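The values are calculated or read from the model by the stated rules, or taken from the named source; none is laboratory data. Since we're looking at a predicted model, the values are computed, not measured. In this analysis, Cβ positions are derived from the backbone assuming ideal geometry, glycine residues included, and neighbour counts consider all displayed protein chains. Side chains are part of the model used for accessible areas, which takes the heavy atoms of the whole protein and leaves out ligands, DNA and RNA. Shrake-Rupley method; radii C 1.70, N 1.55, O 1.52, S 1.80 Å.
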Amino acid sequence: MFGGGTPELSAESYPDKRNIPRMDFLVLFLLYLALVLLGFVMICIGSKTHYLQGLISRGAQIFSYVIPERLQRAMLRVLHYLFHTRNYTFVILHLILQGMVYTEYTWEIFGLCQQLEFSLYYLFLPYLLLIVNLVFFALSCVTNPGTITKANELLFLQVYEFDEVMFPKNVRCPTCDLRKPARSKHCSVCNRCVHRFDHHCVWVNNCIGAWNTRYFLSYLWTLTASAATMAVVSTVFLVRLVVMSDVYLQTYVDDLGHLQVVDTVFLVQYLFLTFPRIVFLVGFVVVLSFLLGGYLCFCLYLAATNQTTNEWYKGDRAWCQHCPHMARPPAVEPQAYRNIHSHGLWSNLREIFLPATARYERKKK
């Protein structure tokens, strides 16, 4: 595949580096990976503060002077449709991306790994994870998240204690005209109040609430595991190719006519030129594994501490919203929000994976 022996590689087989001597594929890819991860961390941390919101607002003001008004209105309509109305755009996009990744894995990596006598258990593991993932993906899409109605309003009011800070008593939803149980929220996208509301996920086109959080966590875990497994199998395949061909022991002639030993940068670019789709797939699933893994850890932290994304986001400002700044004495420090719903790790997890209200609803039916 690489050829036997240790022949010298000519300068023509190596990408021209006279204009940008060191800004090659590997450096650009690592820079891209760092920027993506940095942006993801900034969004996760900064979204809880007014600072990021201020930056976004100022950026929107700057762009408003550059982009024509008609184009701005069109962009706002598209964004409103994508993120503020129920639609299947991201569901379809999710399935397309997943199909493209598994098609490439089946078309090239699976067959080549069989030639290199990889264990079939490792090769079939991504398919097993895909099947399980699609089951939980479908359940996350179609399961009732815990919609509050006139029939179950009294039941939900008894589930959680009101903390009188983030969730005060006797508050009615102006849209649904229902009393709001503790930990509930009205979803403007689905136009309904949801019990133990976490967030609205565009990828499953559904709210994540008390009755489907377990499915969403299982979907997220299997998706992360499938991406990581595919990344490991693909990376091991490329490493084994390099080791078997001894290409790392070869030399090449650079643009100045000097004999150079193959280094990591050259090796990655050589693999990219030889197997461009596989290397691109490896880069994609590696980035995806980092992003999904970080988000999964965040969701597991919320589950272990019995918080929702909505409560985490609003937690630091709950006391300030309840007690206006002007009403507090200047010397009194604002109190931090205290989570009264956490009752230990196993109780918190049991509450998510065995919601009592869901069992009660099934018995009643």
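In the set 201, 190, only one residue is within 22 Å of residue 215 (Cα to Cα) and in contact with a Pro (Cβ under 9 Å, 6 or more places away or on another chain); that residue is 190. If the condition is being of a type in the set (A, V, I, L, M, F, W, C) and under 19 Å from residue 159 (Cα atoms), then the range 177-191 contributes 178, 182.
Taking residues in the range 229-248 that are closer than 15 Å to residue 270 by Cα, and partners anywhere that are assigned to a helix (DSSP H, G or I) and open to solvent by 60 Å² or more (accessible area, probe 1.4 Å), the pairs with Cβ atoms closer than 6 Å and at least 6 places apart or on different chains are 242/248. Of all residue pairs spaced 6 or more apart or on separate chains, those with beta-carbon atoms under 9 Å, a first member in the range 338-349 that is open to solvent by 40 Å² or more (accessible area, probe 1.4 Å) and a second member that is of a type in the set (Val, Ile, Thr) and not in a helix (DSSP H, G or I) are 338/165; 339/305; 342/305; 345/305. When 264, 309, 251, 305 are screened for being at pLDDT below 75 and open to solvent by less than 50 Å² (accessible area, probe 1.4 Å), only 251 passes. Considering every residue within the range 170-177, establish whether at least one is more than 26 Å from residue 293 (Cα to Cα), hydroxyl-bearing (Ser, Thr, Tyr) and open to solvent by less than 30 Å² (accessible area, probe 1.4 Å). Looking for residues that are more than 26 Å from residue 293 (Cα to Cα), hydroxyl-bearing (Ser, Thr, Tyr) and open to solvent by less than 30 Å² (accessible area, probe 1.4 Å), one finds none in the range 170-177, hence no. Within the range 160-202, take every residue that is modelled with pLDDT under 95 and aromatic (Phe, Trp, Tyr) and give me the one that is nearest to residue 147 (Cα to Cα). That would be 160.
In summary, residue 118 fulfils each of the numbered conditions (1) without any contact (Cβ under 8 Å) to a residue 60 or more places away in the chain; (2) within 30 Å of residue 244 (Cβ to Cβ) with the single exception of condition (1). Kindly check whether there is at least one residue in the range 277-287 that is on the phi > 0 side of the Ramachandran plot and touching a helix residue (DSSP H, G or I) at 6+ places or on another chain (Cβ under 6 Å). Looking through the range 277-287, none of the residues is on the phi > 0 side of the Ramachandran plot and touching a helix residue (DSSP H, G or I) at 6+ places or on another chain (Cβ under 6 Å).
Please determine, by comparing only the residues of the range 202-250 that are closer than 17 Å to residue 122 by Cβ and among the small types (Gly, Ala, Ser), which one is farthest from the chain's Cα centre (by Cα). Once the filter is applied, the top-ranked residue is 234.
So which residues in the range 179-216 are assigned to a strand (DSSP E or B) and open to solvent by less than 30 Å² (accessible area, probe 1.4 Å), if there are any at all? Even if it seems obvious, please write down each step before you answer.
Start the filter on the range 179-216 by keeping residues that are assigned to a strand (DSSP E or B), which leaves 179, 185-187, 192-194, 199-201, 206-208.
Answer for the range 179-216, where residues must be assigned to a strand (DSSP E or B) and open to solvent by less than 30 Å² (accessible area, probe 1.4 Å): 187, 193, 194, 201, 206, 207, 208.
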